[in-house]
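Remarks on the structure that follows.
The values are calculated or read from the model by the stated rules, or taken from the named source; none is laboratory data. If you're wondering where the values come from, they're calculated on a predicted model, not measured in any experiment. Reconstructed Cβ throughout: ideal geometry from the backbone, glycine too, with neighbour counts over all protein chains shown.
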(Lines give C-alpha, C1' and ligand atoms only; values in the text may rest on other atoms or scores of the structure.)
Protein backbone atom coordinates (compact mmCIF):
# COMPACT_ATOMS: atom_id res chain seq x y z
CA UNK A 1 0.00 0.00 0.00
CA UNK A 2 2.79 2.40 0.94
CA UNK A 3 4.68 1.80 -2.32
CA UNK A 4 1.46 2.37 -4.29
CA UNK A 5 1.23 5.92 -2.87
CA UNK A 6 4.90 6.83 -3.17
CA UNK A 7 5.13 6.34 -6.93
CA UNK A 8 2.18 8.68 -7.88
CA UNK A 9 3.25 11.31 -5.34
CA UNK A 10 6.79 11.26 -6.71
CA UNK A 11 5.46 11.60 -10.28
CA UNK A 12 3.16 14.52 -9.36
CA UNK A 13 6.00 16.30 -7.53
CA UNK A 14 8.33 15.97 -10.54
CA UNK A 15 5.65 17.27 -12.93
CA UNK A 16 4.96 20.29 -10.71
CA UNK A 17 8.66 21.09 -10.40
CA UNK A 18 9.25 20.80 -14.15
CA UNK A 19 6.30 22.97 -15.16
CA UNK A 20 7.01 25.62 -12.54
CA UNK A 21 3.32 26.29 -11.99
CA UNK A 22 3.46 25.33 -8.33
CA UNK A 23 6.31 27.51 -7.04
CA UNK A 24 6.38 30.38 -9.52
CA UNK A 25 4.33 33.55 -9.08
CA UNK A 26 4.59 36.56 -11.36
CA UNK A 27 3.56 39.79 -9.69
CA UNK A 28 3.05 43.05 -11.55
CA UNK A 29 3.10 46.23 -9.48
CA UNK A 30 0.99 49.34 -10.07
CA UNK A 31 2.98 52.48 -10.83
CA UNK A 32 1.98 55.96 -9.62
CA UNK A 33 0.58 58.36 -12.23
CA UNK A 34 -0.04 62.00 -11.34
CA UNK A 35 0.17 65.47 -12.84
CA UNK A 36 3.06 67.72 -11.83
CA UNK A 37 2.86 71.50 -11.34
CA UNK A 38 3.15 72.08 -15.11
CA UNK A 39 0.25 69.70 -15.89
CA UNK A 40 2.66 67.11 -17.31
CA UNK A 41 2.15 63.41 -16.66
CA UNK A 42 4.51 62.10 -13.97
CA UNK A 43 4.95 58.33 -13.74
CA UNK A 44 6.87 57.00 -10.74
CA UNK A 45 7.51 54.11 -8.39
CA UNK A 46 5.17 54.60 -5.40
CA UNK A 47 6.92 55.85 -2.26
CA UNK A 48 5.02 53.26 -0.21
CA UNK A 49 6.64 50.42 -2.17
CA UNK A 50 10.27 51.36 -1.46
CA UNK A 51 12.49 52.93 1.17
CA UNK A 52 13.53 56.52 0.57
CA UNK A 53 17.18 55.46 0.26
CA UNK A 54 16.52 52.82 -2.43
CA UNK A 55 17.87 53.61 -5.90
CA UNK A 56 16.53 51.82 -8.97
CA UNK A 57 17.77 51.22 -12.49
CA UNK A 58 14.88 51.88 -14.89
CA UNK A 59 14.83 49.86 -18.09
CA UNK A 60 12.50 48.55 -20.76
CA UNK A 61 9.91 51.35 -20.72
CA UNK A 62 6.97 51.42 -23.12
CA UNK A 63 3.64 53.14 -23.81
CA UNK A 64 0.67 51.30 -25.29
CA UNK A 65 -2.55 52.78 -26.71
CA UNK A 66 -5.70 50.66 -26.77
CA UNK A 67 -6.66 49.50 -30.31
CA UNK A 68 -3.38 50.87 -31.74
CA UNK A 69 -0.50 49.10 -30.01
CA UNK A 70 2.91 50.14 -28.74
CA UNK A 71 3.69 53.73 -29.70
CA UNK A 72 6.85 54.35 -27.69
CA UNK A 73 9.50 51.94 -26.43
CA UNK A 74 12.88 52.29 -24.78
CA UNK A 75 14.71 48.99 -24.45
CA UNK A 76 18.37 49.51 -25.29
CA UNK A 77 20.94 49.19 -22.50
CA UNK A 78 22.32 52.68 -23.17
CA UNK A 79 18.98 54.17 -22.06
CA UNK A 80 19.06 52.67 -18.53
CA UNK A 81 19.00 55.40 -15.88
CA UNK A 82 18.59 55.66 -12.12
CA UNK A 83 15.65 56.99 -10.10
CA UNK A 84 14.26 56.94 -6.57
CA UNK A 85 10.71 56.18 -5.49
CA UNK A 86 8.46 59.18 -6.11
CA UNK A 87 10.70 60.72 -8.80
CA UNK A 88 9.17 61.30 -12.23
CA UNK A 89 10.51 58.80 -14.75
CA UNK A 90 11.57 59.68 -18.30
CA UNK A 91 8.54 59.01 -20.43
CA UNK A 92 9.26 61.62 -23.11
CA UNK A 93 5.95 61.42 -24.90
CA UNK A 94 3.29 64.09 -25.56
CA UNK A 95 0.28 62.49 -23.83
CA UNK A 96 -3.02 63.58 -25.37
CA UNK A 97 -6.51 64.05 -23.94
CA UNK A 98 -9.16 61.29 -24.33
CA UNK A 99 -6.71 58.51 -25.22
CA UNK A 100 -6.43 55.27 -23.19
CA UNK A 101 -2.78 54.72 -22.24
CA UNK A 102 -1.04 51.77 -20.61
CA UNK A 103 2.54 52.30 -19.55
CA UNK A 104 5.00 49.74 -18.28
CA UNK A 105 8.61 49.64 -17.15
CA UNK A 106 11.01 47.43 -15.22
CA UNK A 107 12.93 48.59 -12.16
CA UNK A 108 15.96 46.92 -10.60
CA UNK A 109 16.78 47.71 -6.98
CA UNK A 110 20.52 48.38 -6.85
CA UNK A 111 20.84 47.04 -3.28
CA UNK A 112 19.33 43.59 -3.71
CA UNK A 113 19.26 43.32 -7.55
CA UNK A 114 15.51 42.55 -7.46
CA UNK A 115 13.66 43.20 -10.74
CA UNK A 116 10.06 44.41 -10.60
CA UNK A 117 7.68 44.98 -13.50
CA UNK A 118 5.39 48.03 -13.17
CA UNK A 119 2.25 48.97 -15.09
CA UNK A 120 -0.40 51.69 -15.01
CA UNK A 121 -3.41 52.49 -17.19
CA UNK A 122 -5.00 55.93 -17.40
CA UNK A 123 -6.73 58.53 -19.55
CA UNK A 124 -6.32 62.31 -19.49
CA UNK A 125 -9.44 64.47 -19.42
CA UNK A 126 -9.64 68.25 -19.72
CA UNK A 127 -11.76 69.83 -16.97
CA UNK A 128 -14.04 72.86 -17.47
CA UNK A 129 -11.36 75.19 -16.04
CA UNK A 130 -8.85 73.99 -18.67
CA UNK A 131 -6.72 71.91 -16.28
CA UNK A 132 -6.12 68.21 -16.87
CA UNK A 133 -7.42 65.35 -14.76
CA UNK A 134 -6.25 61.73 -14.69
CA UNK A 135 -8.99 59.12 -15.02
CA UNK A 136 -8.45 55.46 -14.19
CA UNK A 137 -10.04 52.50 -15.97
CA UNK A 138 -13.67 52.04 -14.87
CA UNK A 139 -13.64 55.48 -13.22
CA UNK A 140 -17.25 56.65 -12.64
CA UNK A 141 -16.30 60.18 -13.83
CA UNK A 142 -15.12 58.83 -17.17
CA UNK A 143 -17.39 59.60 -20.10
CA UNK A 144 -15.83 58.43 -23.35
CA UNK A 145 -16.18 60.83 -26.25
CA UNK A 146 -15.76 58.62 -29.28
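Are there any pairs with C-beta distances below 8 angstrom linking a residue in region 75-89 that is on the phi > 0 side of the Ramachandran plot and surrounded by 11 or more Cβ atoms within 10 Å (Cβ to Cβ) to a residue that is part of a loop (DSSP other than H, G, I, E, B) and modelled with pLDDT of 90 or more, with the two at least 6 apart or on different chains, and if so which?
Pairs that qualify, where the first residue is on the phi > 0 side of the Ramachandran plot and surrounded by 11 or more Cβ atoms within 10 Å (Cβ to Cβ) and the partner is part of a loop (DSSP other than H, G, I, E, B) and modelled with pLDDT of 90 or more, are 86/45; 86/46.
Taking region 37-48, which residues are surrounded by fewer than 16 Cβ atoms within 10 Å (Cβ to Cβ) and on the phi < 0 side of the Ramachandran plot?
Once the filter is applied, which keeps residues that are surrounded by fewer than 16 Cβ atoms within 10 Å (Cβ to Cβ) and on the phi < 0 side of the Ramachandran plot, region 37-48 yields 37, 38, 40, 46, 47, 48.
Looking only at region 10-29, decide whether some residue is surrounded by 10 or more Cβ atoms within 10 Å (Cβ to Cβ), closer than 19 Å to residue 135 by Cα, in contact with a helix residue (DSSP H, G or I) (Cβ under 9 Å, 6 or more places away or on another chain) and at pLDDT 85 or above.
yes
For region 55-119, which strands (runs of 3 or more DSSP E) that fit wholly inside it have 1 or more residues that are under 21 Å from residue 135 (Cβ atoms) and at pLDDT 90 or above?
Result: 55-65, 100-109.
Mind listing whichever residues of region 120-141 are outside any loop (DSSP other than H, G, I, E, B) and over 24 Å from residue 56 (Cβ atoms)?
123, 124, 125, 126, 132, 133, 135
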